[in-house]
Amino acid sequence: EKGGYEHFMLKEIFEQTRSIRDCLRGRIYPNEGRVQLGGIKEYADKLKNIDRIIIVACGTSWHAGLVGEYLIEEYARIPVEVEYASEFRYRNPIITEKDVVIAISQSGETADTMAAIQMAKERGATIFGVCNVVGASIPRLTHAGVYTHAGPEIGVASTKAFTAQVTVLTLMAFYMAQQKGTLTQAKLVELLTELDHIPEKIEKALESNALILDIAHKFKDSRNCLFLGRGSGFPVALEGALKLKEISYIHAEGYPAAEMKHGPIALIDEEMPVVVIATRNSSYEKVISNIQEVKARKGVVLAIVTEGDTEVRGMVDYCIEIPDASEAFLPLLATIPLQLLAYHIALLRGCNVDQPRNLAKSVTVE
Ligand code: F6R
């Protein structure tokens, strides 16, 4: 049942080439520059005129929501707010009939997420679901939705479900852009053509597995770890930190790289590993300055870089390459090495990677 892999988590990490392909199947027509999302097509007209989207979720799904915010604002130019379902539901939030609320949930059973959409529904919002388990409670409560089709996820730490959620949100962002006309046909052709080839790039990113195991040996005895990123690399940093803490029990924090100097920089010394998302994109130069700040304080830096990068490589202690891609697809690729890093560190520490202590796969109580 583990398909020859030692753990479900590793199997599910390696399945991402296929799960992302499944998630895209029948939904993108790259040559025509068209996205088709059957699950929300009845709302195609409504999407042309919405003022705002609220995304509600918990944990890893909330991180996917942050990536979604970045993509929807960038491409569809619709303001997005991302809320922890547990906070949103108890806050008397301002919701109107004009709002679209997107609930993201792998299990489709998370109590807080369910309560949040129940409340938003009572207040007249249109509710979309982005769920993995077909027919679960959340998809039954929503007006419409798009399934992630990642297949059953057994490992408690979410891996392939996260990248499938990000893939669906990417599709939704492009779909909304198509409805609103915020992207030209030519740009859509270009983006969808690239998206169609992302599974092959995921496969390429997975080839770093052996290198990541080597790096894991250097990091396994750390007590803390900082993850830094900017733009859509920030939610990737949060997700990398969550994976590490939940399965290896190393205290880890994800931070926007620029926020480091407002506090966490005080923690940096030769004992502090810092994982930095430093791929070549719009924030590359700024991230390089952040790396210099860490190195000046003797922090140990592991950078996730674009294939062929030499500039960052010359500055840091360890480097993991991912294939070059447009900024839109960076979160999908940069997440892969962080999943593998958490997996190997946890295993080297003798932890139960599939069933971490105190955690449940589906959190049906608040
Ligand atoms: C982390 C993890 C959790 C879940 C969270 C929400 O690896 O799995 O943080 O993401 O409990 O669960 P769903 O997506 O089922 O609502």
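If the Cβ limit is 7 Å and pairs must be 6+ apart or interchain, which residue in segment 51-73 that is within 16 Å of Lys243 (Cβ to Cβ) pairs with which residue that is away from the ligand (no atom under 12 Å from the Cβ) and of a type in the set (Gly, Ala, Ser)?
Val67/Ser232
Show me the helices (runs of 4 or more DSSP H) found entirely inside segment 193-261 where at least 1 residues are under 17 Å from the mean Cα position of the chain (by Cα).
Here the list reads 198-206, 233-248.
Pairs please, first residue from segment 96-113 and among the acidic types (Asp, Glu), second anywhere and modelled with pLDDT of 95 or more and within 13 Å of the ligand (Cβ to nearest atom), Cβ atoms under 6 Å, 6+ apart in sequence or on different chains.
What qualifies is Glu109/Ala136; Glu109/Ser137; Asp112/Cys58; Asp112/Ala85; Asp112/Ser86.
Considering only segment 148-165, state which residues are buried (at least 21 other Cβ atoms within 10 Å of the Cβ) and part of a loop (DSSP other than H, G, I, E, B).
Residues satisfying the conditions are Thr148, Ala150, Glu153, Gly155, Ala157, Ser158, Thr159.
Please indicate, with yes or no, whether at least one residue in segment 80-93 is within 18 Å of Ser61 (Cα to Cα), near the ligand (Cβ under 10 Å from one of its atoms) and either surrounded by fewer than 17 Cβ atoms within 10 Å (Cβ to Cβ) or at pLDDT 95 or above (or both).
Within segment 80-93, one or more residues are within 18 Å of Ser61 (Cα to Cα), near the ligand (Cβ under 10 Å from one of its atoms) and either surrounded by fewer than 17 Cβ atoms within 10 Å (Cβ to Cβ) or at pLDDT 95 or above (or both).
Hey, could you check segment 162-179 for residues that are within 13 Å of Glu69 (Cα to Cα) and in contact with a strand residue (DSSP E or B) (Cβ under 8 Å, 6 or more places away or on another chain) and say which is nearest to the ligand (Cβ to nearest atom)?
Gln165
Yes/no matrix, rows are residues, columns are (1) among the hydrophobic types (A, V, I, L, M, F, W, C); (2) within 22 Å of Val82 (Cα to Cα):
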| residue | (1), (2) |
| --- | --- |
| Lys204 | no, no |
| Lys220 | no, no |
| Leu228 | yes, yes |
| Ala241 | yes, yes |
| Leu244 | yes, no |
| Glu259 | no, yes |
| Pro264 | no, no |
| Leu267 | yes, no |
| Pro273 | no, no |
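Read through the list (1) among the small types (Gly, Ala, Ser); (2) within 19 Å of Ile104 (Cβ to Cβ); (3) within 19 Å of the chain's Cα centre (by Cα); (4) at pLDDT 95 or above, then give the number of the only condition that Ala144 fails.
All conditions are met except number (3).
Would you mention how many residues in segment 48-73 are more than 13 Å from the ligand (Cβ to nearest atom), in contact with a helix residue (DSSP H, G or I) (Cβ under 8 Å, 6 or more places away or on another chain) and at pLDDT 95 or above?
Residues meeting the conditions: 7.
Select from segment 340-366 the residues that are surrounded by 14 or more Cβ atoms within 10 Å (Cβ to Cβ) and small (Gly, Ala, Ser) and write down the one among them that is nearest to the ligand (Cβ to nearest atom).
Ser362
Restricting to segment 119-138, name every residue that is within 14 Å of the ligand (Cβ to nearest atom), crowded, with 22+ Cβ neighbours inside 10 Å and part of a helix (DSSP H, G or I).
Listed by number, the list holds a single entry, Ile138.
Anything in segment 318-335 that is part of a helix (DSSP H, G or I) and surrounded by fewer than 22 Cβ atoms within 10 Å (Cβ to Cβ)? List them, or say none.
Glu327, Ala328
The values are calculated or read from the model by the stated rules, or taken from the named source; none is laboratory data. Small disclaimer: the values here were computed from a predicted structure and weren't measured. Every residue, glycine among them, receives a Cβ derived from its backbone with ideal geometry; neighbour counts consider all protein chains shown.
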